[in-house]
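Below is one structure, written out as structure tokens; the observations come after it.
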């Protein structure tokens with residue numbers, strides 16, 4: 001009717017009756033034929049004024065491949081004010097209540113603040129009688145997004161996507177096995193808490209949560225080669241003092257790194273770590289250097305094979321000492 005009224009007003013066709021379009025009228029046929037979701041505009045204000053005033057919660061999974069510890073789900077919790085994020089890994093959905101209660105006690109003791117409100121979707125892992133009784137007992141408001149409307153809980157939905165895409169990218173870059181997906185998610189969350197920028201406030205989550213600037217000088221690439229000091233086994237005189245590992249992330253409870261020991265095939269934490277994150281560039285330079293030396297050595301015809309082997313050993317020893 002709007003288009004017909006416009007055509008009639010501009011006198012663009014002949015034979016059209018004089019029709020008037022009423023803007024307040026709602027056409028039932030048009031609504032049934034053309035109804036679509038309205039646009040969701042982004043907010044330009046900060047809805048909260050302090051940490052733990054509002055928490056966003058969501059669960060992702062199940063992941064087809066279980067993690068190293070047998071987990072298949074991830075419970076993501078985001079603080080609305082600081083955007084500080086936690087990821088708790090679960091074996092089954094029904095563990096979400098126990099995990100959240102443990103998290104509730106820990107985080108309130110850490111900040112000495114009360115959780116005021118929790119927002120989630122209508123997933124059965126959170127919308128159930130156990131959570132309802134717990135929230136009522138603690139005086140916590142539980143808000144829900146409308147069914148099939150993830151835009152109303154966009155903070156946690158975007159965080160879920162960021163965590164999974166960044167973890168997937170790191171695993172593809174290093175060709176890591178899929179059983180390390182939880183380690184990749186954990187490392188992604190650790191990094192995002194320190195380098196992402198809170199919109200409007202223009203500060204990192206670490207600054208807003210801990211009130212100090214983060215230090216990232218100890219960061220190393222995910223999946224790079226590293227070596228840890230062997231302090232578990234009894235060593236003989238000429239046994240190796242270090243074990244080759246793969247860097248997986250950072251410890252949350254101690255000042256150390258999480259690594260996968262390729263010799264024992266276990267994930268462990270250690271502070272006595274040396275990283276070889278520049279191994280590829282160093283290897284290429286060493287290969288070029290060795291290639292030139294091999295050409296020079298093989299170009300002399302008066303040397304025997306024994307002399308060539310002795311010279312090769314001298315070159316390798318020189319490289320070892322120089323490194």
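The values are calculated or read from the model by the stated rules, or taken from the named source; none is laboratory data. Remember, predicted model here, so these are calculated numbers, not experimental data. No Cβ is skipped: glycine too gets one built from the backbone with ideal geometry, and neighbour counts run over all protein chains shown.
Quick one: residue 180 ticks every box in (1) buried (at least 20 other Cβ atoms within 10 Å of the Cβ); (2) under 22 Å from residue 66 (Cβ atoms); (3) more than 15 Å from the chain's Cα centre (by Cα) bar one, so which box is it?
Unmet condition: (3).
In the set 152, 164, which member is touching a residue at least 60 places away in the same chain (Cβ under 8 Å), crowded, with 17+ Cβ neighbours inside 10 Å and under 23 Å from the mean Cα position of the chain (by Cα)?
Of 152, 164, the one residue that is touching a residue at least 60 places away in the same chain (Cβ under 8 Å), crowded, with 17+ Cβ neighbours inside 10 Å and under 23 Å from the mean Cα position of the chain (by Cα) is 164.
Looking only at segment 197-215, how many residues end up being within 21 Å of residue 257 (Cα to Cα) and in contact (Cβ under 8 Å) with a residue 24 or more places away in the chain?
1
Is there any pair linking a residue in segment 220-232 that is free of Cβ contacts under 8 Å to residues at least 40 places away in the same chain to one that is surrounded by fewer than 15 Cβ atoms within 10 Å (Cβ to Cβ) and not in a strand (DSSP E or B), with Cβ under 9 Å and at least six apart or on different chains, and which?
Matching pairs, first to second residue: 230/239; 230/240; 230/241; 230/263; 232/264.
Residue check, residue 194 against (1) more than 26 Å from residue 91 (Cβ to Cβ); (2) touching a strand residue (DSSP E or B) at 6+ places or on another chain (Cβ under 9 Å); (3) surrounded by 13 or more Cβ atoms within 10 Å (Cβ to Cβ); (4) modelled with pLDDT of 95 or more, all met but one. Which one?
(2)
Being out of contact with any strand residue (DSSP E or B) (no Cβ under 6 Å at 6 or more places or on another chain), buried (at least 16 other Cβ atoms within 10 Å of the Cβ), under 17 Å from residue 76 (Cβ atoms) and touching a residue at least 12 places away in the same chain (Cβ under 8 Å) is the requirement here; does residue 120 meet it?
no
Results for (1) without any contact (Cβ under 8 Å) to a residue 60 or more places away in the chain; (2) over 24 Å from residue 196 (Cα atoms), shown as yes or no for each residue.
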site: 68; (1), (2): no, yes
site: 75; (1), (2): yes, no
site: 78; (1), (2): no, no
site: 88; (1), (2): yes, no
site: 96; (1), (2): yes, yes
site: 109; (1), (2): yes, yes
site: 112; (1), (2): yes, yes
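For residue 252, state whether it is in contact with a helix residue (DSSP H, G or I) (Cβ under 8 Å, 6 or more places away or on another chain), exposed (fewer than 13 other Cβ atoms within 10 Å of the Cβ) and either farther than 30 Å from residue 48 by Cβ or modelled with pLDDT under 95 (or both).
Yes, satisfied.
Out of 71, 50, 41, report the one residue that is on the phi < 0 side of the Ramachandran plot and either exposed (fewer than 12 other Cβ atoms within 10 Å of the Cβ) or part of a strand (DSSP E or B) (or both).
It is 41.
Give segment 128-148 a look and list any residue that's more than 13 Å from residue 118 (Cβ to Cβ) and touching a residue at least 12 places away in the same chain (Cβ under 8 Å), or say none.
128, 130, 147, listed by residue number.
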